[in-house]
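Report on the following structure.
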Number of protein chains: 2
Amino acid sequence: MTQGSPSGRLDSIREPVREECKALEDYFRAYLKTDVPLIDQIFEHLIDGGGKRFRPLLVLLLSACSPHRSKEDVFKLAVAVEFIHTATLLHDDVVDQSEVRRGNRVAYRIWGAEPSVLSGDYLYSRAFNLLVEIGHLGILGAISGATTQMASGEVLQLLRSYSTATTREEYLEVINGKTASLIAASCTAAGYIAGMEDRDLAAAGEYGLNLGLSFQIVDDVLDYASQRGILGKAIGKDFLEGKVTLPVIVLMENINGDTRHQVADIFLKESPQRDDFKLVLELMKKHLVLEKTLEVAVQYRDQAVKALMKIPEDPCRDSLLDLANYVVERCS
Amino acid sequence: MTQGSPSGRLDSIREPVREECKALEDYFRAYLKTDVPLIDQIFEHLIDGGGKRFRPLLVLLLSACSPHRSKEDVFKLAVAVEFIHTATLLHDDVVDQSEVRRGNRVAYRIWGAEPSVLSGDYLYSRAFNLLVEIGHLGILGAISGATTQMASGEVLQLLRSYSTATTREEYLEVINGKTASLIAASCTAAGYIAGMEDRDLAAAGEYGLNLGLSFQIVDDVLDYASQRGILGKAIGKDFLEGKVTLPVIVLMENINGDTRHQVADIFLKESPQRDDFKLVLELMKKHLVLEKTLEVAVQYRDQAVKALMKIPEDPCRDSLLDLANYVVERCS
């Protein structure tokens, strides 16, 4: 794996917490063990399915900025935020009726909707157990606030499906809830564990929020740009589900008249066709939509970096800066 | 409404906390208000759908045993446990593909599975927000422990569907998780708010656990005995879903040979018929199954009462005793 490849890049970002990243996988298994074989089976499938462990990595790096942290608490928090994220994936897959996630068949296609909904509930609860064990009300407040925002964000997204009249502000409200809130809360909570002062705590949360917005915008761009395999999912998934993401909003801002009506009608279709997608892709290319959308992601990346510069210098801070760059550079 | 009717009886149980019970409905609405109209709509439907507010009543009565409690915390806890209960109903209805609950069409038949799953997630999170606001780690630990048990209990129940080989112990494990754990945790948490000593806290939890077991067993009996309307649900729902509850287990203990095989086969059927249900009902009548099952509920009621006698005398304690009797007498 070379430094230039995406995995090499991530390895170098993980370097200051390399040991912790390895240990994390054991903690996942230890904290997941249940008395119910089916739940264990679903969780093994999810763990083996991998994932970038993006939120745990943030927790490990941010909390490593202080030497005084409790290692046990760091792992509990890192595992808890990944459990919450995984719970939302389990529920989203049922809601979106997905087929594939991270290149693997999704749990509910294998075991059915019922165990997926209930295993998601189990993961949520286990996450809160772990947070209660840490015993810090600031952390509990940050994370439970985020999960509430996540659920509203998901419902908002559902409500705004198919409507190309969705505005940038409405889109930002959705991704703020469904993605950025948990990433921000993970950073704030890690700051608490590191014993940060209020000013640094606020900076950590601001970094997380902007990183999360940037992350989701890039994900939404990749849905119109990636090759099958890179993200472990097929291109056009959002399109097929009628999700109106930033690339669609930017496209609508750049077209008018008949073309505008045509695109609006495509998003209202029950089953859009391959030609519909092709047309949207061509229009996006013609109007430099993905480039323009990425500019927005870059602006949030810049805000994330600016916030992070407020916390004291540290090798972990360098990794967090690099992570912010990595998030937007996944596209190029 | 006379004293002898079920509603009159409940009114008399509620008497010591009558004002609080009324105020509770306003707190539900206040704590539910969201920025998302669809979530509000679903919640209005759920609130209007009523429900006995069984768990909040336990919280109000137990915490009223102390004059030193914070009223605000009492309501936060009462609302939080009802939110968690309602969240599981929303998810269960999707899992069970129910049509009717409390005499009303279930939310997911009106709005679809997606908003029901996500609104359930929202309610879970809001409940934890409220608990974090109370800021008592003992309460947070009790409730988050219960929600973890609930999710395992539900998955266990799913796994044991259709199998008439299910034992009493396995059944008790399921209802302990899915029902009794939250009722027990509600009582323990209310005890914390009332500032109870460890001994009384344990007694409150023990009362709740046994009450919860008794409550669920009676519910399972009513599924083979009630008239449509009393429980707001049709008789035979568990049967149609292939749930092997205590009446079925007791029936299996009382029959053998061909009859035993016949009943086992009925529970394995994809779509059991009206005649199948009739046969099961007749066998239950012949072997006094419901009476024998109720005896088990009465034993748990007795244990609940015994535990409760350990806490100091109080008008609220009298109501809690009466509530334990009411739970088993719903059947007669």
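At 7 Å along Cα-to-Cβ for each site, give me the label-to-label distance between A:A165 and A:Q299 in nm.
2.4
What nm value, rounded to one decimal, do you get for the distance between A:D318 and B:K33 when each label is placed 7 Å out toward the C-beta?
Modelled inter-label distance: 5.1 nm.
What does the copy distance list look like for B:K52, label position 7 Å along Cα→Cβ, in nm and ordered from shortest?
Label-point separations across copies, in nm and ascending: 5.0.
Using a 10 Å cut-off on Cβ to Cβ distances, tally the other chain neighbours for every residue of A:158-169 and report the average as a whole number. Don't jump to the answer; show the numbers that get you there.
Values: counts 7, 5, 0, 1, 0, 0, 0, 0, 0, 0, 0, 0.
Average neighbour count from other chains, rounded to a whole number: 1.
Which percent of Cα-Cα pairs in chain A sits in each 10 Å bin, short to long?
For chain A, the binned pair fractions read 6, 26, 34, 24, 9, 1, 0 percent.
Report Rg (one decimal) and Dmax (nearest whole number) for the protein assembly as shown, counting Cα atoms only, units Å.
Rg then Dmax for the protein assembly as shown, in Å: 26.6, 81.
Please average, across the residues of A:32-40, the number of beta carbons from any other chain that are within 10 Å of each residue's own beta carbon, and give a whole number. Intermediate results must be reported in sequence, preceding the final value.
Working: counts 0, 0, 5, 6, 10, 3, 5, 5, 0.
So the per-residue partner count for this stretch is 4.
Quote the convex hull volume per residue of segment B:249-297, based on C-alpha atoms, as a whole number of Å³. Intermediate results must be reported in sequence, preceding the final value.
Working: hull volume 3.8 nm³, N = 49.
Expressed per residue, the convex hull around the Cα atoms of segment B:249-297 is 77 Å³.
Under the convention of a label 7 Å out along Cα→Cβ, give the distances in nm from A:V298 to the same position in every other copy, shortest first.
Label-point distances to the other copies, shortest first: 7.9 nm.
One decimal, nm, shortest first: give the distances between the label point of A:E133 and those of the same position in the other copies, each label point 7 Å from Cα along Cα→Cβ.
So the label point of A:E133 gives 2.9 nm to the other copies.
Mind checking which of A:A113, A:A184, A:A23 has the largest fluctuation in a GNM of chain A, springs on alpha carbons under 10 Å?
Checking each option, the largest mean-square fluctuation is seen for A:A23.
Taking every residue in B:247-255, how many Cβ atoms of other protein chains lie within 10 Å of its Cβ, on average? Could you put the intermediate results ahead of the total?
Details: counts 0, 0, 0, 0, 0, 0, 0, 0, 0.
That average works out to 0.
Can you pick out the pairs among B:K243/B:K292; A:K178/B:K33; B:K22/B:K306 whose Cα atoms lie more than 26 Å from each other? Kindly include the intermediate steps, with their values, before the conclusion.
Working: B:K243/B:K292 19 Å; A:K178/B:K33 19 Å; B:K22/B:K306 30 Å.
Long pairs (Cα-Cα over 26 Å): B:K22/B:K306.
Using a Gaussian network model of chain B with C-alpha springs under 10 Å, which one of B:L268, B:L131, B:L308 is most mobile by mean-square fluctuation?
B:L268
Please arrange A:Y207, A:Y124 by how many other C-beta atoms lie within 10 Å of their C-beta, fewest to most. Don't skip to the end; give the middle numbers.
Numbers: A:Y207 31, A:Y124 28.
Ranked by crowding around the Cβ, least crowded first: A:Y124, A:Y207.
What distance in nm separates the two pseudo spin-label positions at A:D26 and B:E253, each 7 Å out from Cα along the beta-carbon direction?
Here the answer is 4.6 nm between the modelled labels.
So if R0 is 60 Å, what FRET efficiency would A:D198 and B:K306 give, r being the distance between their Cβ atoms, rounded to the nearest 0.05?
Details: r = 51 Å, r/R0 = 0.85.
Step by step, r from the Cβ atoms, then E = 0.75.
Rg (Å, one decimal) plus Dmax (Å, integer) for the alpha carbons of segment A:151-229?
14.9, 45
Give me A:F267, A:F54 ranked fewest to most by other Cβ atoms within 10 Å of their Cβ, as a rough exposure proxy.
Details: A:F267 21, A:F54 18.
With the fewest neighbours first, A:F267, A:F54 line up as A:F54, A:F267.
Values in this text are rule-based calculations from the coordinates and carry no lab data. Owing to the predicted nature of the structure, the values given are computational and were not obtained by experimental measurement. Cβ atoms come from the backbone with ideal geometry, glycine included; neighbour counts cover every protein chain shown.
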